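See below for the structure under consideration.
Please treat every number below as a calculation from the coordinates, not as lab data. This is a predicted model, so every value here is computed, not measured. Note that each Cβ is placed from the backbone with ideal geometry, even for glycine, and that neighbours are counted across all protein chains shown.
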């Protein structure tokens with residue numbers, strides 16, 4: 001009997017570079033050369049041949065220092081940055097028997113539709129993920145309106161429910177984002193991302209710049225959502241503590257390459273790559 | 001025979017050809033804004049140069065022209081545009097909507113239902129409804145390309161939340177052929193339903209912004225609305241035209257001085273041709 005694969009997302013050889021490249025690039029960049037920019041043609045190899053799979057409800061952590069390619073990889077997963085090579089295979093979690101689709105082969109219109117319906121993203125900086133001129137309720141409503149919700153009362157009810165779920169004061173639904181604190185804005189982004197019941201939630205440094213108590217509340221919230229809704233998540237962070245709390249599996253990136261991948265506990269307790277060992281020892 | 005002192009239709013043939021090509025593309029993609037190289041004309045940009053270029057590119061000697069501004073055939077702008085077109089083409093002029101084959105207009109669509117052999121050319125001051133939510137032209141173009149109209153819908157949602165109703169009085173945004181978001185130019189909401197599944201061809205020209213777009217006959221034109229807050233046209237209960245007595249047309253108000261010097265407001269039909277036709281019927 002043919003077995004049905006359980007993965008939701010499979011990334012194969014995803015590559016992104018900024019520049020035209022040259023024949024010497026391959027032998028000049030990467031972790032072994034301690035750089036991601038080619039000294040001959042100045043091309044930046046932001047992400048090279050990244051591959052991994054994600055099961056339904058799984059949380060994958062991506063760690064690495066600044067410039068290691070984490071955010072570039074996340075942007076490609078969010079379909080907002082084109083890839084130079086590779087594929088992002090997606091299988092609908094509610095229908096595992098359905099044939100997978102390569103998201104990078106979709107036309108721009110279909111990509112936008114997919115992003116609206118199946119993806120949610122929480123940015124490190126709220127101004128990237130929220131429209132500051134609209135109210136908090138309006139920002140959450142946008143995802144619903146994109147999903148063809150056309151009843152104002154129903155939209156407000158759903159937005160209020162999402163705000164309640166993300167521990168935001170519902171009575172402030174019509175207030176503008178600049179009147180909210182940083183931690184609250186991250187929760188607004190989470191509420192917005194969850195509005196369309198996404199299959200995949202992308203979290204980019206969601207706790208950066210937040211104080212420890214606020215950070216803990218945001219992490220608790222993400223953990224609860226993951227537990228209750230079985231949302232598949234990709235979590236980018238340079239903070240190993242955050243990764244340890246949320247991610248079951250982790251990949252470590254350096255100079256655009258994945259240098260180590262495995263179970264988070266295994267990586268933190270028995271790191272194999274020298275760079276991972278350095279990261280772990282720095283965090284302790 | 002009218003003696004012409006200008007090139008027929010004032011602008012050169014290459015320019016007219018370019019406008020016609022843009023028009024064909026606009027008709028093929030209803031609601032999509034097609035760029036064109038807007039030419040200089042002897043009127044200032046913002047006074048109807050987009051509509052004028054379309055009219056001049058289309059009009060043939062056998063056409064009958066009507067020009068209206070704010071629904072009025074005798075407004076200063078309408079008279080000047082009509083005079084310019086007549087002087088450079090020699091076409092017949094009319095104020096009667098039913099007699100016209102080409103109607104150039106600003107702010108209004110005539111009250112009478114237009115026929116399949118009529119073309120309505122609208123002058124457009126602001127081309128893109130996304131400008132309210134995305135001032136960057138490049139990003140707005142991408143949003144149109146991907147049909148990414150979420151922010152426009154949020155604008156409408158916020159309007160309802162803050163004011164309890166859809167607050168847009170004019171330039172009401174519509175979705176054309178289930179695809180493109182389109183600005184309806186400064187026509188009142190009263191005229192928006194006339195665009196939907198019409199028999200006539202509607203052409204929109206923006207000279208200053210160098211864009212042309214179109215609503216071909218029998219095309220779906222849906223105003224943005226919500227199930228619980230539907231789109232509504234202007235509602236003036238009890239008001240009637242002081243001249244023809246019509247209570248089912250778009251009305252405007254004028255200040256009128258009486259013989260004794262007192263000023264009072266009088267409400268009349270905005271479409272003067274429609275009003276005159278009603279008055280002529282005993």
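Quick notes
- At q = 0.11, 0.13, 0.15, 0.17 Å⁻¹ the log10 of I(q)/I(0) for chain B amounts to -0.66, -0.91, -1.17, -1.41, computed by Debye summation with a single uniform scatterer per C-alpha, solvent ignored.
- Per-residue ellipticity at 222 nm computed for chain B from its helices equals -8000 deg cm²/dmol, with DSSP H segments shorter than 4 residues left out and the rest contributing -39,500 (n - 2.57).
- Descending by average beta-carbon neighbour count within 10 Å, the peptides A:136-148, B:116-128 line up as A:136-148, B:116-128, the highest first.
- Taking the DSSP beta bridges with both ends in the range B:13-223, the antiparallel portion is around 50 percent.
- Area projected by the alpha carbon convex hull of the range B:216-265, averaged over all directions, nm²: 6.6 nm²
- Value in Å of the Kirkwood radius, where the protein assembly as shown supplies the Cα pairs that are averaged: 27.5 Å
- Shielding by partners - mean other protein chain Cβ count within 10 Å, residues of B:147-160: 6
- Debye intensity ratio I(q)/I(0), log10, chain A, q values 0.08, 0.12, 0.15 Å⁻¹ (C-alpha model): -0.35, -0.79, -1.18
- Rh by Kirkwood over Cα pairs, then Stokes-Einstein D for the range B:90-223 at 1.306 mPa s and 10 °C, µm²/s: 101 µm²/s
- The mean of 1/r over all pairs of different alpha-carbon atoms in the range B:1-103, once inverted, gives a Kirkwood hydrodynamic radius of 14.3 Å.
- Here the translational diffusion coefficient of the range B:155-239 follows from Stokes-Einstein with Rh set to the Kirkwood radius across Cα pairs; for 25 °C and 0.890 mPa s it amounts to 176 µm²/s.
- 5 Å-binned pair-distance histogram of the range A:40-109 (Cα, whole percent): 3, 12, 22, 24, 19, 11, 5, 2, 1, 0
- Cβ neighbours within 10 Å from other chains - mean over A:145-158: 4
- Over the Cα atoms of the range B:236-282, the radius of gyration divided by the Kirkwood radius equals 1.02; this is the Rg/Rh ratio.
- Most mobile of A:130, A:212, A:203 in a GNM of chain A (Cα contacts under 10 Å): A:212
- Taking label points 7 Å from Cα along the Cα-to-Cβ direction, residue A:174 and residue B:99 give a separation of 5.4 nm.
- Normalised by 2.2 N^0.38 Å, with N the number of residues, the alpha-carbon radius of gyration of the range A:164-258 equals 1.13.
- Rh (Kirkwood; distinct C-alpha pairs) - the range A:1-125, Å: 16.0 Å
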